[in-house]
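Working notes for the structure below.
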Amino acid sequence: MRHDIVIIGGGSAGYAAARTAHDAGADVAIVDHGPLAGLCILRGCMPTKTMLRSSDIISLMRRGPEFGLLPVEPSADLAAIVDRKDRLIAEFADYRIGQLRDDRFTLYEEAATFASPTELRVGEQTLTANAFVIATGSVVGHVPIPGLDEVGYITSDDALELRQQPESMIVLGGGPVAIELAQFFQRIGTRVTLIQRSHHILSAGDEDVARPVETRLCEEGMEVYTGTQLSRFTAEDGLKIAHFSHAGEEKTATAAVVLQAMGRRPNVDGLNLEEAGVEVERGRIAVNPEMRTSQPHIYAVGDVNGLHEIVHIAIQQGEIAAYNAVHPDRPSHRVDDRIKLQVTFTDPQVASVGLCEKECQDLDIPYLAASYPFDDHGKSLCLGETHGHVKLLCAPRTGELIGAHIVGPEAGELIHELSAVMHFHGTVHDLIQIPHYHPTLAEIITYPAEDLAEEL
C-alpha cells in the first residue's frame, strides 16, 4: 500500500504532523498499535495536572487559619481522585481517537517496523511512501541500581493508577515528574522521602530557581536529599530500604513504595531503525533543525528525538516535519530553539523561557540578569504566596530579552507574557512600557526589567 506520507505514532507530535500534511493535500497514513491518544493525554500532562489540582486544594484548606478561617483537617480519597482523573482523561482520549480515525487519514492500528529505508511493515502489509515521520514518543527508562529490581518499584505511569494511598514513599529523581508526584503524595498524607543525585532539584536549570521549591517541599514535611549517591536497595519486614551517601555520611530511607522517576527514554523499540539506515545517538534518533534524520526522507519528532520532552515543542516539530516532507520544492522550515518554554506544576510553580544563566555561562553568551522576590510584592503578599522570584536575562548592548524564569504563584500563566515579548525580539524597555494593572501578580515582571534598563 502506498501513501504520500506515513506517520508512525498518533500522539501530540504525530497528530500535528498528520493534520499539517493533510491540510497540504497529502495522502496521509497513521500507524499506531495503541493505546490510541498519546502520552500527554493518557499518562502525562493531563492526568498529572488533574490529580495535582486535588492536592493543591487540600493544601489551601489546611492553610485556612492563615487567612482568618476556622481550621480544618481535610483527608484525601485517592480512589476518588483517580476516578475523577479517569473520567476527564476518557473524554480527552475519545476526542483524540475520533480525530485519528477521521476520514482524513488511513489509520493502521498495528505495530510498525522498517524493512528498508522505503518500506514499513505494518502487520501483514507493507507500506511505502515519499516520506516517513517517526513520532513514537518515550517510555520509562530503566535505572540499574543494585537491588532495585528485586525489591520492586512503581513508575510514574503506575503512580497515576494507584487507588490505595501508600503510608510512605521513596521518590527517586528530582526532575519535573518526580517533584510534582512527590508533592502530590506528600500533600494527601503519604510520608515522602525524595532522593536526588544532583546538587539541587530541577538540575537542568539554575539553582536559585529550584531552591524555593525545595524549601516549600521541606516546609510541607518532605525529606529531601540532594547531592546523593545511591548504592543499593534492600528489603526488610515488607519495607524497601534505600542505601545512599549524603554530605559525607552513609544513610538509609525506608518506605512501603519506591517511585522510580529518574527519566524516560526515546521509544525506538521494534522500529528496526538499522534497516532504515536511521542513526541513533545515545538512545535518541538524531535530527537536524528541519527534523530530518540521517535519511533525508525520514523525520523524527517529539520525545523520540530526545531534544525537548515538551508537548507544544513536539507539536511544532511535527508541523515542521510534515511541511518539509510534503513541500520538497520549497525552502525548508526549521525549528527555532530560541524560545524554549517549560513549566513545572509544583507549588510554587516553576516556569522558564529561553536561556538560563547556566546555559549562558556554558555557551559563553554575554548577558545581564536581575531578579525580584515575591515576598516584596503587594499582590503576592495579599495572596499569601511569597515563595520565589522573577529573574530576567537580557543582551548587554540591546536589552533584548533572552531568558525569563519565574518560581512563584501562577508562574505557568505569567511566563507567557515574557514568551510573547521574546517571540517578537522585544527588549526590557518594551516590557516596561506595556501597561500592567495594579494590583496583579503580572506587574512584578516589570521590576527586574527596570533594574536591567538602568544597567544598559
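Computed from the coordinates by the stated procedures, all read-outs in this text should not be read as laboratory data. Note that the structure is a prediction, hence the values are computed from the model and not measured. Positions of Cβ are backbone-derived with ideal geometry, glycine not excepted, and every protein chain shown enters the neighbour counts.
Please work out the FRET efficiency for the pair Thr254 and Asn130, using the Cβ-Cβ distance as r and a Förster radius of 56 Å; give the result to the nearest 0.05. Rounded to the nearest 0.05, the efficiency is 0.45.
Applying 1/(1 + (r/R0)^6) with R0 = 30 Å to the Cβ-Cβ distance of His297 and Asp94, what FRET efficiency is obtained, to the nearest 0.05? So, using R0 = 30 Å, E works out to roughly 0.35.
Report the FRET efficiency, 1/(1 + (r/R0)^6), for Ala24 and Ala442, where r is their Cβ-Cβ distance and R0 is 35 Å, rounded to 0.05. So, using R0 = 35 Å, E works out to roughly 0.35. All Cα-Cα distances of the stretch 184-329, cut into 5 Å bins from zero to the largest, leave 2, 8, 13, 14, 14, 11, 11, 10, 9, 6, 2, 1, 0, 0 percent in each bin in turn.
Magnitude of the charge dipole for the chain, about its Cα centre and with charges confined to Cβ atoms of Lys, Arg (+1) and Asp, Glu (-1), is about 480 debye. In order along the stretch 101-115, phi translates into HN-Hα couplings of 8, 5, 5, 5, 10, 9, 9, 10, 8, 9, 6, 10, 8, 6, 9 Hz, rounded to whole numbers, per the Karplus curve 6.51 cos²θ - 1.76 cosθ + 1.60 with θ = phi - 60° and x for Gly and Pro. Between Arg211 and Arg104, the contour length at 0.36 nm per residue exceeds the alpha carbon distance by 33.7 nm. Residues whose amide H lies under 5 Å from that of Thr427, counting only those 5 or more places away or on a different chain, are Leu401; hydrogens are built 1.01 Å from N in the peptide plane. All Cα-Cα distances of the stretch 342-455, cut into 10 Å bins from zero to the largest, leave 15, 50, 31, 4, 0 percent in each bin in turn. Here's the list of lysines a cross-link from Lys240 could span, going by alpha-carbon distance under 21 Å and ignoring same-chain residues fewer than 8 apart: Lys251. Annotation: average projected area of the stretch 148-262 is 6.9 square nanometres, based on the convex hull of Cα atoms across all directions.
One decimal place: the segment Arg338-Met1 gains 117.3 nm when fully extended, by the rule 0.36 nm per residue minus the C-alpha distance.
With the dipole of the stretch 108-251 worked out from charges on the C-beta (+1 for Lys and Arg, -1 for Asp and Glu) around the Cα centre, which of Ser156, Val171, Ile195 lies farthest toward the positive end? Checking the options against the dipole of the stretch 108-251, the answer is Ile195.
Each of Ser59, Ser156, Ser352 was scored by other Cβ atoms within 10 Å of its Cβ. Arranged with the fewest first, they read Ser59, Ser156, Ser352.
Segment Lys358..Ser116, full-extension length gain: 82.9 nm, with 0.36 nm per residue of separation and the alpha-carbon distance subtracted. Pairs of Cα atoms nearer than 8 Å and 6+ residues apart set the relative contact order; for the chain it is 15 percent.
Measure off 7 Å from each Cα along the Cα-to-Cβ vector at His199 and Asp149, then give the distance between these two points in nanometres to one decimal. Taking the simple label geometry, His199 and Asp149 are separated by 3.4 nm. For Lys85, list the lysines whose Cα falls under 23 Å from its own Cα; do not include residues on the same chain fewer than 8 positions away. Answer for Lys85, where 23 Å is the Cα cut-off: Lys49, listed by chain and number.
Taken over the stretch 317-364, the convex hull of the Cα atoms encloses 94 Å³ per residue.
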